[in-house]
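Novice: Once you've had a glance at the structure underneath, I'll fire off some questions.
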Amino acid sequence: MPRTRSTPPVTGPVRLGPGAHATLRPAAVDVLAGFWHTRREVNAHTSIPQGPGLLESAGNLHNLRLVAGTADGEFQGAYPFVDSDVYKWLEAASWQLAQWAPGKARPEPGAEAQQLAADVDRIIALVRAAQQSDGYLNTWFQVRKGGERYQDLRWGHELYCAGHLIQAAVAHHRATGREELLNVARRFADQIDSVFGPPGSGKPIDGVDGHPEVETALVELYRETGEQRYLDLAGYFVDRFGHGLLGGEAYCQDRVPLRSAVNVEGHAVRQLYLLAAAADLATETGDAGLRAATERLWHAMTATKTHLTGGLGAHHDEEDFGDPFELPNERAYCETCAAIASIQWSWRMALLTGEARYSDLIERTLYNGFLAGVSLDGEGWLYVNPLQVRDGHTDPGGDQSARRTRWFRCACCPPNVMRLLAGLEHYLSSTDTQGLQVHQYVTGRYSGDLDSGTPVAVSARTDYPWQGAITLTVEESPADRPWTLSLRIPQWCRTYRVRCDTRTYDESDAPVTDGWLRLERPWATGDQVLLELDIEPRLTAADPRVDAVRGCVAIERGPLVYCLEQVDHPGGGLDDIVIDTAHPLGVKHRPDLLGGVTTVVAAGHRRQIPADGWWPYRSTDNAPDTAPPSGEPVELTAVPYYVWANRQDGSMRVWLPTS
């Protein structure tokens, strides 16, 4: 039976158990206007509603009908994990229905909500009809493999698909209170639990899935149902990676046990989903060894294997991490799903530890490496997110395309983007016994409970990230006690000011501790705080060990990474561009451009390129590389990285040579 609770829990992808060893707990946020409201409206009214039609045309729904015996024909799809796209869409649609529920701050859109609910019900009915009597469900193995089960754990993705089914079911239950899909997920989880276990358990299979995902889903199923065996099963799976059950390869996290690992490796998405599960387990069990491992690996990843955009993954061939500081530009993989997995893991680490650095990475990834994965109109997608597209680029097409694509053979990224955007408000704020923490700045309402269920609420107005001012107004506060309003000061912010009552503070008399500006006082309804963050554009250089960008700089402004696109620089490509770092950067807001963006203007030159010859190298005896750039002056217009590839095809680059 579900747990009883003293106060209604926050609806979101992570709901901590009552005994969780977490420093913070998720708080509720209504995003009412501004940057993320706009992106979520596109997701709600364009991306998500297209899901059923795209899943129909790709054959995902046909496969469910085949298994249910209501359709004829062949299995459609190139991969054994196509069911997971259905489940991710169901999760996205469920979070969207939660946003449109009666009583929410936004008006219910009527017919759209009814149509979405009908689509969800129809697809849930297909899933229920396809499930076998003992709970097993995977259309690839039921159709293509004659019912063969768990014989190809390295590539079969059966448990990966089960994980996404469980997460969809939890989302649907939290959003609607209905149990149809939750019962399907529980039956599948029970079937898995009946056959997987360690040696000596009496269960026939000691194994793990080559693509982690079911582990964090099982933790969430435990949180939803209170069934301890789901948490135990998740712990078993996490600890069996690294013991050679999948051949001992780093690709699928089987080279070394997670508790002993010193750096992230292998397939980026698989690694990060596994680490999200480890953080979940550390949170629910208090396992100090798992917590230490997740903290150690997060630090190693961010310090040595993360691109400026927050993107992760250096190699196309195996979608994996490279060596430390191996961070290429044009061959950066930076899969959109890896950005999503990073956000999911970092949020769990933020809740576990209370440290602001995890939300610093979430912000960077959200605005850059993640958001670039979906077009401004919500109809085109990027699977990979390079930091450079060269002049004369020959695009390979398909999943590795640097051009926006309507859908993919491996369509993991689009519904993954949909579900994160639909549940985004869950990643913005938290509470503890002392107060409310604002992790990400949006126009909206932040609310939560202190100890003993004491409610607090703050509204915010801001034009972030285009402007750095955030006005916060206390809307609900206890009359008999002080509490702490904690504001994250981003890692990139050089200076800030905060005004409270009639007094203005700066960094000298309102210090930041571990990334948090903490304002503790008795608060009254109507009290206001004005936070002003310095978002002036800046030039950024990389660690000198990042060979790919030595001698280059990047442009940033606030949380946004910027890039050059060929379309803004007529008369040539971008490969011969050199930025003049001595010239100050300028800012132009362009409401007419790409839905309204602030551009950064810089000075530069086009290199004088020698006449083409048969050999692209030269002696430096008479022309040292330290010579100043020469050639035609050019004004550089940089746009936010997340908007690239929304106009005409052409070259693009984030890192700009200085000579």
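The values are calculated or read from the model by the stated rules, or taken from the named source; none is laboratory data. What you are looking at is a predicted structure, and each value in this text was computed from that prediction instead of being measured. Note: ideal-geometry Cβ built from the backbone for every residue, glycine included; neighbour counts use all protein chains shown. All accessible areas refer to the heavy atoms of the entire protein, side chains included, with ligands and DNA or RNA removed. Shrake-Rupley method; radii C 1.70, N 1.55, O 1.52, S 1.80 Å.
Novice: Just checking my list (i) 104, 71, 57; (ii) 90, 64, 57; (iii) 77, 71, 51 against Cα extents along the principal axes in Å computed from this structure; which label fits?
Specialist: Working out Cα extents along the principal axes in Å from the coordinates points to (iii).
Novice: Would you calculate the separation in nanometres between label points at Ala479 and Ser619, each defined as 7 Å from the Cα along the Cα-to-beta-carbon direction?
Specialist: According to this spin-label approximation, the distance is 8.9 nm.
Novice: I'd like the Kirkwood hydrodynamic radius of region 122-232, using the inverse of the mean 1/r over distinct C-alpha pairs, in Å.
Specialist: Its Kirkwood hydrodynamic radius stands at 14.3 Å.
Novice: Which values of log₁₀ I(q)/I(0), to two decimal places, follow from the Debye formula for region 447-503 at q = 0.22 Å⁻¹ with a uniform point scatterer at every Cα?
Specialist: Log10 of I(q)/I(0), two decimals: -1.04.
Novice: Tell me the mean residue ellipticity at 222 nm calculated for the chain from its helices only (DSSP H runs of n ≥ 4, each -39500 (n - 2.57), averaged over every residue, nearest 500).
Specialist: Counting only the DSSP helices, I get -9500 deg cm²/dmol.
Novice: Continuing with this model, one more query. Give me the one-decimal Kirkwood hydrodynamic radius in Å for region 515-659, with the sum taken over alpha-carbon pairs.
Specialist: Result for region 515-659 stands at 17.9 Å.
Novice: Then there is this: In square nanometres, what is one fourth of the surface area of the convex hull spanned by the alpha carbons of region 175-281?
Specialist: For region 175-281, the mean projected area of the Cα convex hull comes to 7.1 nm².
Novice: Relative contact order, percent, of the chain when contacts are C-alpha pairs under 8 Å separated by at least 6 residues?
Specialist: 13 percent
Novice: Between region 537-551 and region 133-209, how far is it from one alpha carbon centroid to the other, in angstrom?
Specialist: About 45 Å separates the Cα centre of region 537-551 from the one of region 133-209.
Novice: Mean separation of Cα pairs under 8 Å and 6+ residues apart, divided by the residue count of region 14-81: what relative contact order is that in percent?
Specialist: 17 percent
Novice: Still on this structure, please answer the following. Bin all alpha-carbon pair distances of region 372-436 at 5 Å intervals from 0 and give each bin's fraction as a whole percent.
Specialist: Values per bin, smallest distances first: 4, 15, 21, 18, 13, 9, 7, 6, 4, 3, 1, 0.
Novice: Compute the distance in nm between two label points, each set 7 Å from the Cα along the Cα-to-Cβ direction, one at Val587 and one at Asp232.
Specialist: 5.7 nm
Novice: Viscosity 0.692 mPa s, temperature 37 °C: Stokes-Einstein D of region 336-479 from its Kirkwood Cα radius, in µm² per second?
Specialist: It comes out at roughly 190 µm²/s.
Novice: Note down the magnitude of the dipole of region 336-386 about its Cα centre, charges +1 on Lys and Arg C-beta and -1 on Asp and Glu C-beta and zero elsewhere, to the nearest 20 debye.
Specialist: For this selection, approximately 200 debye.
Novice: Taking H placed 1.01 Å from N in the peptide plane, check which residues at least 5 places from Thr484 or on another chain put their amide H under 5 Å from its amide H.
Specialist: So Thr484 has HN proximity to Gly435, Leu436.
Novice: Would you check the chain for Lys pairs whose C-alpha atoms are within less than 29 Å, ignoring same-chain pairs closer than 8 in sequence, and give me the count?
Specialist: 4
Novice: Another question about this same structure. Would you compute, for the Cα atoms of region 301-350, the largest minus smallest coordinate along each principal axis and list the three values in descending order, in whole Å?
Specialist: 30, 20, 17
Novice: Looking at the P(r) of region 248-357, how many percent of alpha-carbon pairs lie beyond 20 Å?
Specialist: Percentage above 20 Å: 34.
Novice: Something else about it: If each residue of separation counts as 0.36 nm, what is the full-extension length gain between Thr23 and Asp152 once their alpha-carbon separation is subtracted?
Specialist: Length difference between fully extended and current span is 42.5 nm.
Novice: Looking at the chain, send over the antiparallel percent of its DSSP beta bridges, to the nearest 5.
Specialist: In the chain, approximately 95 percent of DSSP beta bridges are antiparallel ones.
Novice: If I take every Cα pair under 8 Å that is 6 or more residues apart in region 513-595, average their sequence separation and divide by the length, what percent do I get for the relative contact order?
Specialist: 21 percent
Novice: Something else now. For the chain, what is the charge dipole size about the Cα centre, in debye to the nearest 20, if Lys and Arg each add +1 at the Cβ and Asp and Glu each add -1 at the Cβ?
Specialist: 720 debye
Novice: A further question on this structure: Work out the FRET efficiency for Gln528 and Glu41 from their Cβ-Cβ distance, taking R0 = 25 Å, and round it to the nearest 0.05.
Specialist: Step by step, r from the Cβ atoms, then E = 0.35.
Novice: Taking 30 Å as R0, compute the FRET efficiency from the Cβ-Cβ separation of His243 and Gln132 and round it to 0.05.
Specialist: 0.50
Novice: Ok, one more. Region 402-448 to region 241-315: how many Å between their Cα centroids?
Specialist: 22 Å
Novice: Kirkwood hydrodynamic radius (Cα pairs, Å) of region 153-211?
Specialist: 12.4 Å is the Kirkwood radius here.
Novice: A further question follows. Cα extents of region 87-181 along the three principal axes, largest first, in whole Å?
Specialist: Dimensions of region 87-181 along the principal axes of its Cα atoms: 49, 22, 19 Å.
Novice: Here's another thing I want to ask about it. Given +1 on the Cβ of Lys and Arg, -1 on the Cβ of Asp and Glu, and no further charges, what dipole in debye does region 52-176 carry about its Cα centre, rounded to the nearest 20?
Specialist: 260 debye
Novice: Another question about this same structure. Per residue Cα convex hull volume for region 417-458, in cubic angstrom?
Specialist: Measuring per residue, one finds 75 Å³ for the Cα hull of region 417-458.
Novice: What is the distance, in nm, between label points placed 7 Å from the Cα along the Cα-to-Cβ direction at Glu318 and at Cys410?
Specialist: Simple spin-label model gives 1.3 nm for this pair.
Novice: Please list Asp451, Asp514, Asp72 from largest to smallest accessible area, probe radius 1.4 Å, with all protein chains kept in place.
Specialist: Asp72, Asp514, Asp451
Novice: Between Thr433 and Arg331, what length in nm is gained on full extension when 0.36 nm per residue of separation is reduced by their alpha carbon distance?
Specialist: 32.1 nm
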